[in-house]
Amino acid sequence: MTLDLPVTDAGPKKVLPDAQTVTSVTHWTDSLFSFRVTRPASLRFRSGEFVMIGLPDDNGKPILRAYSIASPNWDEELEFYSIKVPDGPLTSRLQHIKPGDNIILRPKPVGTLVLDALLPGKRLWFLATGTGIAPFASLMRDPETYERYEQVIMMHTCRTAEELTYGAELVQNLRNDPLLSELYGEDFAKRLLYYPTTTREDSPLMGRITDNIASGKVLADLALPPFSPETDRAMICGSLAFNVDVKAVLEELGLREGANSEPKEFVVEKAFVGEGV
Ligand code: FAD
Ligand code: A2P
């Protein structure tokens with residue numbers, strides 16, 4: 001499926017200026033895939049931000065959706081991590097892209113999951129369910145994250161173990177990256193902690209992020225000191241219900257929600273807009 005991204009009027013076929021070329025595609029499960037595209041030379045973004053991407057419909061009209069950029073800001077390509085929604089207007093098409101195809105990318109990055117939206121601290125928690133790991137796939141690969149924080153803890157929860165694979169492989173690759181070990185010493189693995197859990201299938205670590213924080217299980221399992229609003233910062237990305245529940249748990253621990261304009265102890269972004277929301 002190589003698209004020329006035709007304009008909708010009856011005039012001569014033109015290539016839209018926002019077209020980018022797919023360079024690779026990886027299918028992780030029946031419902032999850034990641035892909036990389038060329039990066040417009042002029043596109044600058046802060047790791048953790050999202051852009052609008054899409055494909056034309058049968059009439060050439062763009063179907064655009066918000067997508068977190070999963071690659072860090074130093075990468076010469078852009079990576080995205082995507083759900084395949086059965087009958088989803090965009091993803092029922094997007095799941096079939098191949099290297100060489102074009103997608104539409106509106107190069108106006110925005111978002112709240114950026115390091116500048118948090119006050120300085122020592123520990124940074126990334127709390128994600130499902131494809132909500134995408135902005136953290138960017139931030140985990142950005143050296144700026146480790147310059148600002150002594151320790152980063154990636155908590156990712158999915159229903160099943162196979163849904164954790166994209167994140168697990170990414171963390172594994174980071175820990176084996178000779179450049180990061182050179183930059184941050186051989187104990188880099190202790191600076192990037194990973195706590196993957198499942199809720200509907202047995203795996204080494206189980207349970208919802210809310211429960212594992214509120215009960216103190218994650219601290220006990222990783223041998224970490226208690227939460228403190230002085231030192232702990234967090235970023236949340238999941239369904240609306242997840243975001244609301246994690247926010248309540250963090251507020252109970254004394255952390256406050258911040259924003260780009262008013263940095264505080266944690267920030268939140270929806271991983272998707274649910275039915276009827
Ligand atoms: P839609 O009509 O958009 O969605 C149909 C239904 O599918 C939704 O009502 C919801 O119930 C469900 N759904 C949609 N997306 C998801 C999801 N990611 N996980 C679980 N259920 C979902 N999606 C990604 O796959 N990767 C991203 O990095 C990503 N980043 C986003 C960032 C922001 C700020 C927002 C608001 C959304 C993001 N999304 C992301 C969701 C994305 O915009 C689309 O909704 C998704 O690609 C499905 O598009 P669609 O047209 O096929 O179906
Ligand atoms: P659970 O299996 O207990 O519902 P979903 O696919 O429904 O978006 O869920 C993705 C993951 O997020 C699942 O592991 C799910 O756990 C968990 N989850 C869903 N809602 C919440 C919530 N409100 N608080 C904490 N975890 C949640």
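Summary of computed values
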| item | result |
| --- | --- |
| Every residue from the stretch 200-214 that is open to solvent by less than 20 Å² (accessible area, probe 1.4 Å) and within 16 Å of ligand 1 (Cβ to nearest atom) | Ile209 |
| Subset of the stretch 239-261 [out of contact with any Phe, Trp or Tyr (no Cβ under 9 Å at 6 or more places or on another chain), within 16 Å of ligand 1 (Cβ to nearest atom) and open to solvent by less than 60 Å² (accessible area, probe 1.4 Å)] | Phe242, Asn243, Ala259 |
| Checking Ala220 against (1) within 16 Å of ligand 2 (Cβ to nearest atom); (2) more than 16 Å from Phe126 (Cα to Cα); (3) among the hydrophobic types (A, V, I, L, M, F, W, C); (4) at pLDDT 95 or above, the condition it does not meet | (1) |
| Some residue of the stretch 217-227 being crowded, with 16+ Cβ neighbours inside 10 Å, closer than 20 Å to Ala161 by Cβ and touching a residue at least 24 places away in the same chain (Cβ under 8 Å) | yes |
| Sole exception among (1) assigned by TED's automatic domain parsing to the domain that holds Ile236; (2) within 16 Å of ligand 1 (Cβ to nearest atom) for Lys84, by number | (1) |
| Any hit, the stretch 179-191, residues being within 16 Å of ligand 2 (Cβ to nearest atom) and over 29 Å from Val51 (Cβ atoms) | no |
| Total residues in the stretch 228-238, condition more than 16 Å from ligand 1 (Cβ to nearest atom) and surrounded by 13 or more Cβ atoms within 10 Å (Cβ to Cβ) | 6 |
| Candidates Leu170, Leu127, filtered to the one that is more than 13 Å from ligand 1 (Cβ to nearest atom), part of a helix (DSSP H, G or I) and within 13 Å of the chain's Cα centre (by Cα) | Leu170 |
| Hey, Val152 away from ligand 2 (no atom under 13 Å from the Cβ), under 27 Å from Ser228 (Cα atoms), free of Cβ contacts under 8 Å to residues at least 60 places away in the same chain and part of a helix (DSSP H, G or I) or not | no |
| Condition check for Met140: modelled with pLDDT of 95 or more, within 17 Å of Glu79 (Cα to Cα) and not charged (D, E, K, R) | yes |
| From the options Leu222, Leu183, residue that is more than 16 Å from ligand 1 (Cβ to nearest atom), outside the structural domain of Glu49 (by TED's automatic domain parsing) and touching a Pro at 6+ places or on another chain (Cβ under 8 Å) | Leu183 |
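The values are calculated or read from the model by the stated rules, or taken from the named source; none is laboratory data. This is a predicted model, so every value here is computed, not measured. Reconstructed Cβ throughout: ideal geometry from the backbone, glycine too, with neighbour counts over all protein chains shown. Accessible surface is based on the protein model in full, side chains and every heavy atom, while ligands, DNA and RNA are left aside. Shrake-Rupley method; radii C 1.70, N 1.55, O 1.52, S 1.80 Å.
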